[in-house]
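The values are calculated or read from the model by the stated rules, or taken from the named source; none is laboratory data. The structure presented is a predicted model; accordingly, all values stated were derived computationally and were not measured. Methodologically, a virtual Cβ is constructed for each residue, glycine included, from the backbone with ideal geometry; neighbour enumeration extends over all protein chains shown. With ligands, DNA and RNA removed, areas are computed over all heavy atoms of the protein, side chains included. Shrake-Rupley method; radii C 1.70, N 1.55, O 1.52, S 1.80 Å.
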Amino acid sequence: MTDKTRPVLLTGASGNLGRALAPALAKAGYMLRLTDISPFPDTVPEGASFTRADLNDGVTMLRLAEGCQAILHYGGISTEHPFEVVLGPNLRGLYHVYEAARREKARVLFASSNHAIGFHERPEGNGELLDADCAFRPDSFYGLSKAYGELMGRLYWDKHGVENLNLRIGSSFPEPVDRRMLSTWLSYADLARLMERFLEAPRIGHAVVWGASKNPATYWGKDHRDRIGWEPEDTADTFSDKVGSKVSGDPVTERYQGGGYTAMDYTRDKPSPKDAFALD
Ligand code: NAI
């Protein structure tokens with residue numbers, strides 16, 4: 001698929017992951033259009049441009065995507081917030097991204113999240129890994145917006161043939177900081193390699209990939225990584241001595257994959273049932 005003369009639009013460029021990806025992809029020879037509502041805090045990499053824009057502004061998003069081969073969509077609200085705060089950037093903004101992709105015949109990488117499925121229990125004890133075709137079990141309004149985003153990808157593939165990869169990112173930070181991240185951590189280097197595989201893959205369709213490094217304590221099983229030929233190379237295991245004992249002590253946080261997000265504003269008397277369709 002890669003045609004390095006056609007630009008790649010990177011939303012959320014001024015955020016943590018955008019700032020890690022922009023120099024890596026520029027170095028790999030991609031012509032980048034960077035955008036974010038906040039100013040880009042670093043030197044804009046050679047061959048790239050930066051435009052400040054709000055994802056809520058559909059006309060500007062269409063203009064920014066003109067001629068692009070792909071949109072790497074990292075922009076938006078990236079932590080839990082009240083519904084009204086999440087609504088504009090994550091739901092309306094995503095629609096603008098997909099409409100732009102449809103017009104340009106561009107493919108979309110959607111930075112989804114483990115919080116779209118956060119109320120699945122952790123596999124500790126039973127060894128059963130969760131496959132990417134599991135039920136959505138969002139643990140927050142933020143996680144719900146990611147489930148919506150993945151379904152938007154489903155719709156635009158089925159109806160318009162817009163190819164998309166939904167990367168369910170675990171925890172992408174410079175290092176894991178607690179025991180949960182020994183399962184969920186995704187190194188910046190593995191993420192950057194995945195972006196290149198995504199841009200180079202001949203065919204993607206609608207795909208879902210777990211965004212985690214090669215962590216022995218993983219929660220996650222099958223996904224569509226074969227379609228892009230990506231395998232992680234880093235592992236959180238090297239940090240197990242440092243963070244292996246760092247747990248919250250909260251029973252809800254420690255029971256579910258979404259960790260602390262599941263316990264935020266939690267008002268049930270009894271924990272959510274294991275079976276997604278149970279009435280307990
Ligand atoms: P971040 O919060 O550092 O970056 C998000 C960027 O989106 C920010 O620079 C922000 O200014 C921008 N943004 C927010 N509202 C906007 C709007 N209305 N218009 C234009 N830009 C807007 O988050 P981070 O860590 O870089 O994450 C990037 C993406 O990956 C997010 O979508 C996040 O949900 C997703 N993700 C990240 C994970 C991680 O561990 N870092 C885990 C799971 C998902």
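Quick check, is Val86 away from the ligand (no atom under 15 Å from the Cβ), within 19 Å of the chain's Cα centre (by Cα), among the β-branched types (Val, Ile, Thr) and buried (at least 17 other Cβ atoms within 10 Å of the Cβ)?
Details: away from the ligand (no atom under 15 Å from the Cβ): no; within 19 Å of the chain's Cα centre (by Cα): yes; among the β-branched types (Val, Ile, Thr): yes; buried (at least 17 other Cβ atoms within 10 Å of the Cβ): yes.
Judged against the criteria, Val86 is not a match.
List the residue pairs whose Cβ atoms are under 8 Å apart, where the first residue sits in the stretch 217-229 and is more than 25 Å from Arg122 (Cβ to Cβ), the second is assigned to a loop (DSSP other than H, G, I, E, B), and the two are 6 or more positions apart or on different chains.
Arg227/Ala201; Arg227/Arg203; Arg227/Ile204; Arg227/Gly205; Ile228/Ala201; Ile228/Ile204; Gly229/Ala201
Do we have Tyr74 as within 10 Å of the ligand (Cβ to nearest atom), among the aromatic types (Phe, Trp, Tyr) and open to solvent by less than 30 Å² (accessible area, probe 1.4 Å) here?
Details: within 10 Å of the ligand (Cβ to nearest atom): yes; among the aromatic types (Phe, Trp, Tyr): yes; open to solvent by less than 30 Å² (accessible area, probe 1.4 Å): no.
Answer is no for this residue.
Checking Asn16 against (1) more than 16 Å from the ligand (Cβ to nearest atom); (2) surrounded by fewer than 17 Cβ atoms within 10 Å (Cβ to Cβ), which test does it fail?
With (1) more than 16 Å from the ligand (Cβ to nearest atom); (2) surrounded by fewer than 17 Cβ atoms within 10 Å (Cβ to Cβ) applied to Asn16, the lone miss is (1).
Within the stretch 168-179, identify whether any single residue is open to solvent by 10 Å² or more (accessible area, probe 1.4 Å), part of a helix (DSSP H, G or I) and more than 12 Å from the ligand (Cβ to nearest atom), and answer yes or no.
No, the stretch 168-179 contains no residue that is open to solvent by 10 Å² or more (accessible area, probe 1.4 Å), part of a helix (DSSP H, G or I) and more than 12 Å from the ligand (Cβ to nearest atom).
Within the stretch 1-13, restricting attention to residues that are open to solvent by 20 Å² or more (accessible area, probe 1.4 Å) and hydroxyl-bearing (Ser, Thr, Tyr), which residue is nearest to Ile204 (Cα to Cα)? Before you say what the answer is, go through the steps one by one.
Keep residues of the stretch 1-13 that are open to solvent by 20 Å² or more (accessible area, probe 1.4 Å), which gives 1-6.
Okay, now just the ones that are also hydroxyl-bearing (Ser, Thr, Tyr), so 2, 5.
Values: Thr2: 13, Thr5: 20 Å.
Among those residues, the one meeting the criterion is Thr2.
If you go through the stretch 26-64, how many residues are without any contact (Cβ under 8 Å) to a residue 60 or more places away in the chain, crowded, with 20+ Cβ neighbours inside 10 Å and away from the ligand (no atom under 14 Å from the Cβ)?
Counting residues in the stretch 26-64 that are without any contact (Cβ under 8 Å) to a residue 60 or more places away in the chain, crowded, with 20+ Cβ neighbours inside 10 Å and away from the ligand (no atom under 14 Å from the Cβ) gives 2.
Within the stretch 122-132, does at least one residue satisfy the condition of being in contact with a helix residue (DSSP H, G or I) (Cβ under 6 Å, 6 or more places away or on another chain), within 16 Å of the ligand (Cβ to nearest atom) and open to solvent by less than 40 Å² (accessible area, probe 1.4 Å)?
From the stretch 122-132, those in contact with a helix residue (DSSP H, G or I) (Cβ under 6 Å, 6 or more places away or on another chain) are none; that's our starting set.
No, the stretch 122-132 contains no residue that is in contact with a helix residue (DSSP H, G or I) (Cβ under 6 Å, 6 or more places away or on another chain), within 16 Å of the ligand (Cβ to nearest atom) and open to solvent by less than 40 Å² (accessible area, probe 1.4 Å).
Going by the conditions given, is Arg92 in contact (Cβ under 8 Å) with a residue 24 or more places away in the chain, surrounded by fewer than 16 Cβ atoms within 10 Å (Cβ to Cβ), within 12 Å of the ligand (Cβ to nearest atom) and assigned to a helix (DSSP H, G or I)? Spell out how you get there, then give the answer.
Values: in contact (Cβ under 8 Å) with a residue 24 or more places away in the chain: yes; surrounded by fewer than 16 Cβ atoms within 10 Å (Cβ to Cβ): yes; within 12 Å of the ligand (Cβ to nearest atom): yes; assigned to a helix (DSSP H, G or I): yes.
It is true that Arg92 is in contact (Cβ under 8 Å) with a residue 24 or more places away in the chain, surrounded by fewer than 16 Cβ atoms within 10 Å (Cβ to Cβ), within 12 Å of the ligand (Cβ to nearest atom) and assigned to a helix (DSSP H, G or I).
For the stretch 143-167: of the residues being in contact with a Gly (Cβ under 9 Å, 6 or more places away or on another chain) and open to solvent by less than 20 Å² (accessible area, probe 1.4 Å), which is nearest to Gly260 (Cα to Cα)?
Going through the qualifying residues, I end up with Gly143.
Mind checking whether some residue in the stretch 257-269 is among the polar types (S, T, N, Q) and touching a Ser or Thr at 6+ places or on another chain (Cβ under 6 Å)? Steps first, answer last, please.
Of the stretch 257-269, the ones among the polar types (S, T, N, Q) are 257, 262, 267.
Narrowing the set further to residues that are touching a Ser or Thr at 6+ places or on another chain (Cβ under 6 Å) leaves none.
No; the residues of the stretch 257-269 include none that is among the polar types (S, T, N, Q) and touching a Ser or Thr at 6+ places or on another chain (Cβ under 6 Å).
For Pro23, indicate whether it is without any contact (Cβ under 8 Å) to a residue 24 or more places away in the chain and open to solvent by 60 Å² or more (accessible area, probe 1.4 Å). Before the answer, list the steps.
Working: without any contact (Cβ under 8 Å) to a residue 24 or more places away in the chain: yes; open to solvent by 60 Å² or more (accessible area, probe 1.4 Å): yes.
For Pro23, the condition - without any contact (Cβ under 8 Å) to a residue 24 or more places away in the chain and open to solvent by 60 Å² or more (accessible area, probe 1.4 Å) - is met.
Which ranges mark the strands (runs of 3 or more DSSP E) fully within the stretch 12-83 that have 3 or more residues being within 21 Å of Leu167 (Cα to Cα)?
Details: elements: 32-36, 49-52, 70-73.
Those strands (runs of 3 or more DSSP E) span 32-36, 70-73.
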